[in-house]
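K.L.:
Okay, handing you the structure first.
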Amino acid sequence: MSRAGGSGNRTDSREWHRVLGFWFPEGRAPEIDADAHRDHWRWRMRGGADDAIVARFADLTMTAAAGGLDHWAVDPEGRLALIILLDQFPRSLWRDEPRAFAQDEAALSLAVEGLANGHYSVLGPPWFRIVFGLPLGHCEGPDHLDRLDLLIGLRDAVAAEAPPGLRPLYRSLVQQAREVREVIAAFGRHPHRNRILGRASTPAE
């Protein structure tokens, strides 16, 4: 990935570890409580972290959105942290604004490149790989259905390899991706974004 503003210099891993430490409070060890892990997932995906993201990561998110952290992508975990900054944090920082989705294409580029160059495969915890793949389903575009098919396959593999106690959660995420695919197959976009993006909704949407 190369965008205006990327430095290409060796990054300070302390900053991306700060992002990962915040976004993954369960840490890295596979021996985690399934209920706590599910609660962490809901916290992440349902906006529970909004205030903390705005308070602690607004500047870093804006720097990432401007391309100033592109050099993080030289490292698998740096790439994951950058995906979080571009795909997840904007949804909190700019909630209900078009800018919340403006970084989706950049996040998708990072994810696709990371799948091709092996960064995805070397990530340890399954929850790292689940979040790494989120842009495949989030970013609208003509290849959206193909990307969702890929996402479903990746999540199937994560569910199969995860510790037994975590498999029900990851199987539910496979089903969630399938449901998103049905929506995209029907409408070609995420209808829930229409109001925010100023798009007219069809009667079916």
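The values are calculated or read from the model by the stated rules, or taken from the named source; none is laboratory data. This one's a predicted model, so the numbers in the text were calculated from it and none came from an experiment. For neighbour counting, all protein chains shown are included, and Cβ atoms are generated from backbone atoms with ideal geometry for every residue, glycine included. Note: areas computed on protein heavy atoms with side chains; ligands, DNA, RNA excluded. Shrake-Rupley method; radii C 1.70, N 1.55, O 1.52, S 1.80 Å.
K.L.:
Which residue, of Asp149, Asp156, Asp143, is under 23 Å from Val183 (Cβ atoms), touching a residue at least 24 places away in the same chain (Cβ under 8 Å) and open to solvent by 50 Å² or more (accessible area, probe 1.4 Å)? Full working, then the answer.
P.N.:
Details: Asp156 fails: touching a residue at least 24 places away in the same chain (Cβ under 8 Å); Asp143 fails: touching a residue at least 24 places away in the same chain (Cβ under 8 Å).
Matching residue, one of Asp149, Asp156, Asp143: Asp149.
K.L.:
Inspect the range 61-70 for any residue being assigned to a loop (DSSP other than H, G, I, E, B) and either within 28 Å of Arg167 (Cα to Cα) or without any contact (Cβ under 8 Å) to a residue 12 or more places away in the chain (or both) and give the result as yes or no.
P.N.:
If we filter the range 61-70 for residues that are assigned to a loop (DSSP other than H, G, I, E, B), which is where we start, we get 66-69.
From what's left, either within 28 Å of Arg167 (Cα to Cα) or without any contact (Cβ under 8 Å) to a residue 12 or more places away in the chain (or both): none.
Taking every residue of the range 61-70 in turn, none turns out to be assigned to a loop (DSSP other than H, G, I, E, B) and either within 28 Å of Arg167 (Cα to Cα) or without any contact (Cβ under 8 Å) to a residue 12 or more places away in the chain (or both).
K.L.:
Another one. Could you list all residues from the range 22-36 that are closer than 12 Å to Phe128 by Cβ and not hydrophobic (A, V, I, L, M, F, W, C)?
P.N.:
Filtering the range 22-36 for residues closer than 12 Å to Phe128 by Cβ gives 23-24, 26-28, 30.
Correct list: Glu26, Gly27, Arg28, Pro30.
K.L.:
Looking at Ala100, Ala73 in this structure, which one is more than 18 Å from Cys139 (Cα to Cα), at pLDDT 95 or above and either assigned to a helix (DSSP H, G or I) or open to solvent by 20 Å² or more (accessible area, probe 1.4 Å) (or both)?
P.N.:
Sole residue among the options that is more than 18 Å from Cys139 (Cα to Cα), at pLDDT 95 or above and either assigned to a helix (DSSP H, G or I) or open to solvent by 20 Å² or more (accessible area, probe 1.4 Å) (or both): Ala73.
K.L.:
Looking at the range 166-196 only, could you name the residues that are more than 14 Å from Arg129 (Cβ to Cβ), part of a helix (DSSP H, G or I), open to solvent by less than 50 Å² (accessible area, probe 1.4 Å) and not hydrophobic (A, V, I, L, M, F, W, C)?
P.N.:
Of everything in the range 166-196, those that are more than 14 Å from Arg129 (Cβ to Cβ), part of a helix (DSSP H, G or I), open to solvent by less than 50 Å² (accessible area, probe 1.4 Å) and not hydrophobic (A, V, I, L, M, F, W, C) turn out to be Pro191, Arg193, Asn194.
K.L.:
Only one of these is modelled with pLDDT under 95 and within 14 Å of the chain's Cα centre (by Cα): Pro163, Pro135, Pro126. Name it. Write out each step before concluding.
P.N.:
Details: Pro163 fails: within 14 Å of the chain's Cα centre (by Cα); Pro135 fails: modelled with pLDDT under 95.
Criteria check complete, one pass: Pro126.
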